[in-house]
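The values are calculated or read from the model by the stated rules, or taken from the named source; none is laboratory data. From a predicted model like this one, the values you see are computed outputs, not experimental measurements. So basically every Cβ, Gly included, is an ideal-geometry build from the backbone, and we count neighbours across all protein chains shown.
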Amino acid sequence: MPTPKQLGYRWPAEWEPHAATWLAWPHKPETWPGKFGPIPAVWQKLVQTLARFEPVHICAGGEAVMAEARKLVGDVPNVTLHDIATNDVWARDHGPMFLAGGTEPALIDWEYNAWGGKYPPFDLDNAVPGQVAALTGRRMFSPGIVMEGGALENNGAGTILTTEPCLLNPNRNPQLNREQIEQYLRDYACADKILWIGGSVEGDDTDSHIDELARFVGPSTVVAALESDPRDVNYEPLQENFRLLQTLTDAQGRPLEVIPIPMPRPLFYDEQRLPACYMNFYIANGVVLVPVFDDPSDKVALDTLGRLFPGREIIGIEAIDLVWGLGAFHCITQQQPL
């Protein structure tokens, strides 16, 4: 069967025009042990904000989940609730990868195993792309390998940025080597060049997702998390990533312009270091939604992204409660391009 790339598809950059954003409604208290109470209100704030800029589709399967979602956002214009059940909320990782171009609307249904089998069950999450394909009438390509959306960063022009600790981890695809994984990304994510970095932020349970480390904000421009305190455990890994990014070129041979964004001060809950980071922002039509942490670096992050996205509103949304679930706004959103 021809691959998406052979059929002329492409994976658009996140800043390209969206038809919608997809989310899953929160319903699993174990994701935020002892702190689930404020979480639905975080979703409510996110949905109300996003829906001002583009349609929002929410997977809210099951009577109780649907009732809660309907109560908090059911009357928000531009919001549609779907009876699609999930195990958890991480739509970036278990949701479909929407493609553009080609001969008909299409999406990719990667396999999902909750970051190497860490949080079973995940069968409902793994079934989400198929249900979205059926709902939207899209052609579905199923590569048959484990891949999470948060592990891949894309510039819309053939370059993918990812991390070795995640994609080469034997808890994902032990049968595949680096070259074979790259071939899947070329065939299905329509890449021409794959750039690899390492490192991780403390508290990240995904084995080093790129959306905690570095993000494309233009075809050859990347923002990267940088820790300034040499005593912090994140200092050396992030410094090393920054140095490596400065040596890389995109698929067109252009050197990457790498712009630092500082890390917030360390956040802990029950003595656990949380992966608080500004890299987990989400780019939508006319807006960039940025996690903030009541920290002096919040303003630096917002100002930096404001300079990089002059045509968009930059909105900081408090994420201290959210990040106890070990993710933020990019982790819980999935864009559907036009």
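Residues are listed down the side, and each one gets a yes or a no for (1) in contact with a Pro (Cβ under 7 Å, 6 or more places away or on another chain); (2) surrounded by fewer than 19 Cβ atoms within 10 Å (Cβ to Cβ); (3) in contact (Cβ under 8 Å) with a residue 60 or more places away in the chain:
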{"site": "Asp270", "(1), (2), (3)": "no, yes, yes"}
{"site": "Leu274", "(1), (2), (3)": "no, no, yes"}
{"site": "Tyr278", "(1), (2), (3)": "yes, no, no"}
{"site": "Ile283", "(1), (2), (3)": "no, no, yes"}
{"site": "Leu289", "(1), (2), (3)": "no, no, yes"}
{"site": "Val292", "(1), (2), (3)": "no, no, no"}
{"site": "Gly306", "(1), (2), (3)": "no, yes, no"}
{"site": "Phe309", "(1), (2), (3)": "no, yes, yes"}
{"site": "Asp321", "(1), (2), (3)": "yes, yes, yes"}
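Does the stretch 114-125 include one or more residues that are of a type in the set (A, V, I, L, M) and surrounded by fewer than 16 Cβ atoms within 10 Å (Cβ to Cβ)? No, because not a single residue in the stretch 114-125 is of a type in the set (A, V, I, L, M) and surrounded by fewer than 16 Cβ atoms within 10 Å (Cβ to Cβ). The residues of the stretch 94-147 include none that are part of a helix (DSSP H, G or I), aromatic (Phe, Trp, Tyr) and out of contact with any helix residue (DSSP H, G or I) (no Cβ under 8 Å at 6 or more places or on another chain).
Please go through the stretch 270-313 and give me each residue that is within 28 Å of Trp22 (Cβ to Cβ) and part of a strand (DSSP E or B), ordered by number. If the condition is that a residue be within 28 Å of Trp22 (Cβ to Cβ) and part of a strand (DSSP E or B), then Tyr282, Ile283, Ala284, Val287, Val288, Leu289, Val290, Pro291, Val292, Glu313 are the ones that fit. Against the criterion of being surrounded by 16 or more Cβ atoms within 10 Å (Cβ to Cβ), under 22 Å from Leu289 (Cα atoms) and either touching a Ser or Thr at 6+ places or on another chain (Cβ under 8 Å) or not aliphatic (A, V, I, L, M) (or both), Phe242 does not qualify.
In the stretch 34-43, which residues are surrounded by fewer than 16 Cβ atoms within 10 Å (Cβ to Cβ) and at pLDDT 95 or above? Before the answer, list the steps.
So the first thing to find is which residues in the stretch 34-43 are surrounded by fewer than 16 Cβ atoms within 10 Å (Cβ to Cβ), and the list is 34, 37-38, 41.
Within the stretch 34-43, Gly37, Pro38, Ala41 qualify.
If you scan the stretch 151-168, which residues turn out to be surrounded by fewer than 23 Cβ atoms within 10 Å (Cβ to Cβ), more than 17 Å from Lys5 (Cα to Cα) and either charged (D, E, K, R) or in contact with a Lys or Arg (Cβ under 8 Å, 6 or more places away or on another chain) (or both)? Write out each step before concluding.
At the first step, the residues of the stretch 151-168 found to be surrounded by fewer than 23 Cβ atoms within 10 Å (Cβ to Cβ) are 156-158, 164-165, 168.
With the extra rule that they be more than 17 Å from Lys5 (Cα to Cα), the set shrinks to 164-165, 168.
Once the filter is applied, which keeps residues that are surrounded by fewer than 23 Cβ atoms within 10 Å (Cβ to Cβ), more than 17 Å from Lys5 (Cα to Cα) and either charged (D, E, K, R) or in contact with a Lys or Arg (Cβ under 8 Å, 6 or more places away or on another chain) (or both), the stretch 151-168 yields Glu164, Leu168.
Candidates Asp93, Asp83, Asp75: the one that is crowded, with 18+ Cβ neighbours inside 10 Å and among the acidic types (Asp, Glu) is Asp93.
Assessment of the stretch 74-90 against the conditions (hydrophobic (A, V, I, L, M, F, W, C), within 19 Å of the chain's Cα centre (by Cα) and either at negative phi or in a loop (DSSP other than H, G, I, E, B) (or both)) yields at least one matching residue. Name every residue in the stretch 206-242 that is among the hydroxyl-bearing types (Ser, Thr, Tyr) and free of Cβ contacts under 8 Å to residues at least 24 places away in the same chain, in order of residue number. If the condition is that a residue be among the hydroxyl-bearing types (Ser, Thr, Tyr) and free of Cβ contacts under 8 Å to residues at least 24 places away in the same chain, then Tyr235 is the only one that fits.
Select from the stretch 161-197 the residues that are touching a residue at least 40 places away in the same chain (Cβ under 8 Å) and among the β-branched types (Val, Ile, Thr) and write down the one among them that is farthest from Tyr9 (Cα to Cα). Here the residue is Ile197.
Can you spot a residue in the stretch 170-182 that is under 30 Å from Ala64 (Cα atoms) and either among the charged types (D, E, K, R) or under 19 Å from the mean Cα position of the chain (by Cα) (or both)?
Going through the stretch 170-182, the residues under 30 Å from Ala64 (Cα atoms) turn out to be none.
The answer is no, given that none of the residues of the stretch 170-182 is under 30 Å from Ala64 (Cα atoms) and either among the charged types (D, E, K, R) or under 19 Å from the mean Cα position of the chain (by Cα) (or both).
Confirm whether Phe98 is crowded, with 20+ Cβ neighbours inside 10 Å and either on the phi < 0 side of the Ramachandran plot or not basic (Lys, Arg) (or both). It is true that Phe98 is crowded, with 20+ Cβ neighbours inside 10 Å and either on the phi < 0 side of the Ramachandran plot or not basic (Lys, Arg) (or both).
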